[in-house]
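The values are calculated or read from the model by the stated rules, or taken from the named source; none is laboratory data. The structure displayed is predicted, hence computed values, not measured ones. Cβ atoms come from the backbone with ideal geometry, glycine included; neighbour counts cover every protein chain shown. Surface areas here come from the heavy atoms of the whole protein model, side chains and all, with no ligands, DNA or RNA. Shrake-Rupley method; radii C 1.70, N 1.55, O 1.52, S 1.80 Å.
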Amino acid sequence: VTRVGNERFIIPIARVQETIILTPEQTEAAIRDGNRLDYRGVTVPTYELGELLEVPIDPTMRRIGVIAETQIGLACLLVDDVIGRQQVTQRPLGIDSPNSDRFAGGAVLADGRVSLILELDQLLSAT
């Protein structure tokens, strides 16, 4: 479960390879280098999750990179925080909108909040 702004989003754990804490300087360098991050000697595309999902972010904050497996290979998703790992039951969204394919469904978190489960391949293919 990740946090971007005041919102919570679930990235399926089977897709997550690692999380890394980035300083503002590292985040700025990744953006300056064409949204690419050097991760263990491999250059991976970097995406600001808040921008992809149109959620306001504070660019001066420390960012956390979630390194995830996608159809295009490894990708780094920048988030405000990683809240932790939770087992959830996926529920269908029950809506049909132009952007609904970016979400695999929804789930109720342990604190009672509803969170969207990201469909990474669809989300990143829209960029």
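Annotation for the stretch 33-105: GluC sites (Glu not before Pro) lying in DSSP loop with at most 15 further Cβ atoms inside 10 Å of their Cβ are E54. Working note: Karplus 6.51/-1.76/1.60 with θ = phi - 60° gives the stretch 28-34 the couplings 4, 5, 5, 5, 4, 8, x Hz, where Gly and Pro are set to x.
In the context of the full set of protein chains, the chain has a per residue accessible area of 58 Å² (1.4 Å probe). The H on the amide N of L37, modeled in the peptide plane, is under 5 Å from the matching H of V44, T46, each at least 5 residues off or on a different chain. Using a/c under 1.5 as the rounded threshold, could you call the stretch 33-91 rounded, prolate or oblate? The axes a ≥ b ≥ c are square roots of the C-alpha gyration tensor eigenvalues, and prolate needs a/b larger than b/c, oblate otherwise. Verdict is oblate for the stretch 33-91.
Based on alpha-carbon atoms, the Kirkwood radius and the radius of gyration of the stretch 42-127 give Rg/Rh equal to 0.96. Taking the 1.4 Å solvent-accessible surface of the stretch 3-101 as the whole, the part contributed by carbon and sulfur is 47%.
Taking amide H as placed 1.01 Å from N in the peptide plane, I117 has its amide H under 5 Å from the amide H of I10, A104, G105, G106, A107, each at least 5 places away in sequence or on another chain.
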